Amino acid sequence: MKLTQVMPHVSMLSQRYLSMEAMKVLSDHMATRLTELTRMREKGTKLIGYAPGGYMPEELVYACEAVPVGLIRGGDPEPVAESAAYVPRFIDTFCRSQIGYRMLGEEPLYQMIDLLVVPVTDHNIKAIADCFNFFADANVFRFGVPHQKDEHAFEYYLAGLHQLKEKLEEFTGNKIENVRLREAIDLCNRMRGLLKEISLLRGSERPPITGREFVKLNHASFYADKTVFIDALESIHQELREKPPSSPKGPRILLTGSTLAMGDYKVLEMAEEAGASIVIEEFAEGIRHYWENVHVDGDIMEALADRYFRRRVPPAWFRPSRERLDYLIELAKDFNVDGIIWYQLMYRSSYDVQAYYFERILKNELDIPMLKIESDYDVSERGPLRTRIETFVEIIKAGGGS
Amino acid sequence: MYTELFKLCSVEPDEIERERPRIDKAFKILGIGEEDVKRGEKRLRQYLDVELLGVRRFLGIWMRELVNLVLAREEHEKIVYSDFPMELRPLMSMMLSTDEREVYFATPGQIINMTIGQIFDKLTPFLEAGEESGLPPGAAHCALYQTRLGAMVNGVIPFPDLSVIASYHCDQPSEAEELLHEVYGVPVAHLDSCPDANWGDWPKFNDHRVRYCASQARKLFETFEKVIGCQMTEEAIHATNRANAIYRLKFQQLVELIGHADPQPISQASLAHAFFLNSMPTRDIEGKQEALEILYEEVQQRVDQGKGIVEKGAPGVFCTATISVDPSITRMIEQTGLAIRVQIPFWLGPWVLTKHPYRDWADRIGVGPCLDIPHSCEAHVAINLENCKAFNVDGAINFYPFSCREWAATVMITKKAIEKELGIPVLILEGDCYDTRNYSAGQLRTRVETFAELLRAAKAAKAA
């Protein structure tokens, strides 16, 4: 078995879906990024891998002159199968995949990282850290993410960020100066701001960019050089604003769930092929959270904690669960959606529980339908998934489902 | 119909007569009929050491609590629930701050498991009701929480006025209780923490983590005072710590007595009834202490007389986890000729006695357990190794419960670590502590029998 590598997933962007020049530049950059990272590493630059979930401030990594790499690959059955030698099957599929990618040894990025940072959000994510530690003998650094947002939780998360800062300084040998950190924050703010502006264009009646295109663009942000990426985003944003509507008018869908990994595009493809438009996504892991920026008007570390913890839309394991659910309701209203696809991975129990009562809340508050689907990255799921998604889209088209 | 059963649980005839109306009512709600009672008696005689008064006394406490639980709404003004992995001390402190007639405290999942599961083998309707009410099958939800939700939804036990739950050990209790809150409007207080210790930290403790645990414990007590309308008292906290220390110390002595005895004097399945009472906030504090004292004396007698339930000289094993709803698996392991020297988490190792700046303080407010096994995977492995060394076992059975994410990452790591460091074989078994539908007893037996043969052969070779 030979797995495809991470980069081609993103480099497919321009050839298949968009014809803009900026996309070609970005695509070319992504195609050579692995080589570039290899060379940087040979020259002493540290690659800091991290488990996605939106709790790891990349700014800290840039500020110590290292390169952050989000481990967001998923969708392949082979790593899931491989992980069975290390963890039981009832760990979340994406988390098992991360263990599988590393242990299979066929994904260069998973082997190249010098340090893995794991913000411990739950026991599924924690399993990645434990297996990388024990079976792969990797350098791993954990810090905690409490499951609620009171002042003590904020202090705890902030303390974790300070420990991370110390670890990065020690590991890279570079002190994180405030000046460098502010520069990194500006850079990341610019990137998030552009992603947000592009995403908001999908609020229009006929979005100029498809959900699949946007998600791939978002995924590219985990690997691309930030300067190149921001240049590309600026051009793309400019072109999209001027682009005449090209997408067909179809049911507008909010796609939400636990993880939308790079390479796991089946739901997006199936929905769009059935004639729906994925106009907005909300996931705990796999895609970058771009709605909020860091506001530096006081202590810089507190500003990071404020953005990454306090103002971050919480995942399903947070309490009270209403913050996330109310946010989804607002998102559904703002993007004028006709239905919600709730896409969760196997054994992410928090999402499974929350889906049960969210469907009722959705019915009461917006009276729109929801389709709950689940994946274990198994090839055999594709047929039944397609049938269910197509049926869901057809029901909405026919004006039913609510 | 149930007189013999209750006698078997050491309930005196006059108490049975006095309590008959309550028992009748509770059994009717529970749907326990004559067949169930007969099956219960048979299972008790088959799997537990009911010839020992201490064991019967423990069974009596569980059966009384079952009746109390079912009738709690009509007999008390307020009800507070908790369940594993919540530690006993905060619960007991809250309980002892209240009037017995007004506020009822329980860990309903544990009570149902130890009675409806262990004794009557009749859990499935509760599990199915839980599955239909938001914790569906096939998604590896914790069966303990499926059971308690199902019992509430089925109207067998009342919904509480407050649920007090810990998320420091695993994620699922809090997830299930959020559902209870969102769908049924039950107020829930969570004791939060983060299992974020780094590899190499054990047995050091993270200052921030301890402080965070403490802040969450205080918040939990405040919620309790607000919702239940009772003030926590220093007297209750002292009484809790005193009672807990006395019980835990005696239990530790009993575990060590059994673990070092050859032959193994009683079944570990019997010991489980004493262990789980250490996480159940019963008001019968004297009763459980007395039961433990009696059991200790009885076991000592067996040891002195050289009596046992497995052959003398049998290979000794360390076993992780214990199935609280099904004593047959523990008995099956013993019947294959293996002496279960110790089970996790029965024995407290030296790490508990380690002096560190927060130990006394953390123990006092009941967050001590947040610092031990949930510390990290590394701690889990270290504690398993300590158990194996302390009881000089010939092998280990790493039984892990289906659906337990906290346990999951440790399974293969523990196996590798024990095999590498101690050079003894480790058998991994997947089962479920709370749902017998998730494993096949026959398949487990086949594997354990083979493992037992291997250990016997290894022991014989070593002796030669």
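Readers should treat all values here as calculations from the given coordinates under stated rules, not as data from a laboratory. All values reported here derive from a predicted model rather than from experimental measurement. Here Cβ is always computed from backbone atoms with ideal geometry, including for glycine, and neighbour counts include all displayed protein chains.
Things to note:
- Spatial separation of Cα centroids for the range B:128-144 and the range B:17-31, in angstrom: 29 Å
- Between the range B:221-250 and the range B:69-116, the Cα center-to-center distance that results, in Å: 13 Å
- Charge dipole magnitude, Cβ of K and R +1, D and E -1 - chain A, Cα centre, debye nearest 20: 420 debye
- Extreme residue, positive dipole direction of chain B, given options B:436, B:450, B:195 (C-beta unit charges): B:450
- Zone residues, the range A:339-380, relative to residue A:397, backbone N less than 16 Å from point 7 Å out along Cα-to-Cβ: A:339
- For chain B, the relative contact order works out to 17 percent when only alpha carbon pairs closer than 8 Å and six or more residues apart are counted.
- Amide hydrogen proximity for residue A:262: with H placed 1.01 Å from N in the peptide plane, the residues at 5 or more positions away or on another chain lying under 5 Å are A:73, A:74.
- Whether the range B:211-330 is rounded, prolate or oblate, judged on the alpha carbon gyration tensor where a/c under 1.5 counts as rounded: prolate
- In terms of distances greater than 21 angstrom between alpha carbons, the cross-link table entries B:28/B:122; A:46/A:226; A:46/A:167; B:42/B:312; A:24/A:249; A:243/A:333 yield B:42/B:312; A:24/A:249; A:243/A:333.
- Prolate/oblate/rounded label for chain A (Cα gyration tensor, a/c 1.5): rounded
- Calculated from the alpha-carbon coordinates, the protein assembly as shown shows an Rg and a Dmax of 28.4, 93 Å respectively.
- Anchor residue A:372: aspartates and glutamates whose Cα lies under 12 Å away (excluding residues fewer than 8 positions away in-chain): A:352, A:359
- Treating r as the C-beta distance of residue B:38 and residue B:440 and R0 as 25 Å, the FRET efficiency rounds to 0.50.
- Inter-site label distance for residue A:225 and residue A:310 at 7 Å from Cα along Cβ, in nm: 3.6 nm
- The local environment of residue B:400, defined by Cβ-Cβ distances under 11 Å, has a net charge of -1 under the rule Lys, Arg +1 and Asp, Glu -1.
- Summed side-chain charge close to residue A:268 - residues other than residue A:268 whose Cβ falls under 10 Å, Lys, Arg +1, Asp, Glu -1: -3
- In loop segments of the range A:178-212 as defined by DSSP, the GluC sites (Glu not before Pro) with at most 15 further C-beta atoms inside 10 Å of their C-beta are A:205.
- Label-point separation in nm, residue A:364 to residue A:43, each point 7 Å along Cα→Cβ: 5.9 nm
- Rounded to two decimals, the Cα-based Rg/Rh of the range B:365-464, with Kirkwood Rh, is 1.02.
- Relative contact order, percent, the range B:375-464 [alpha-carbon distance under 8 Å, six or more residues apart]: 28 percent
- Extension gain, residue B:234 to residue B:207, is 7.2 nm, computed as 0.36 nm per intervening residue step minus the present C-alpha separation.
- Segment residue B:51-residue B:419, length gained on full extension (0.36 nm per residue, minus Cα span): 128.7 nm
- For residue A:175, the aspartates and glutamates whose Cα comes closer than 14 Å to its Cα, not counting residues fewer than 8 places off in the same chain, are A:59, A:65, A:166.
- Those lysines that a straight Cα-Cα span of less than 27 Å connects to residue B:219, excepting residues fewer than 8 apart in one chain: A:126, A:149, B:78, B:204, B:355
- Whole-angstrom Cα spans of chain B along principal axes, big to small: 67, 56, 43
- For residue B:151, net neighbour charge (Lys/Arg +1, Asp/Glu -1) across residues whose Cβ lies under 12 Å away: 0
- Theoretical FRET efficiency, 1/(1+(r/R0)^6), r = Cβ-Cβ of residue B:428 and residue A:234, R0 51 Å, to 0.05: 0.40
- Gyration tensor (alpha-carbon) shape descriptor, the range A:309-402, a/c threshold 1.5: oblate
- Relative to one another, the C-alpha centroids of the range A:274-343 and the range A:66-130 are positioned 23 Å apart.
- GNM top mover of A:344, A:98, A:111 - chain A, alpha-carbon springs below 10 Å: A:111
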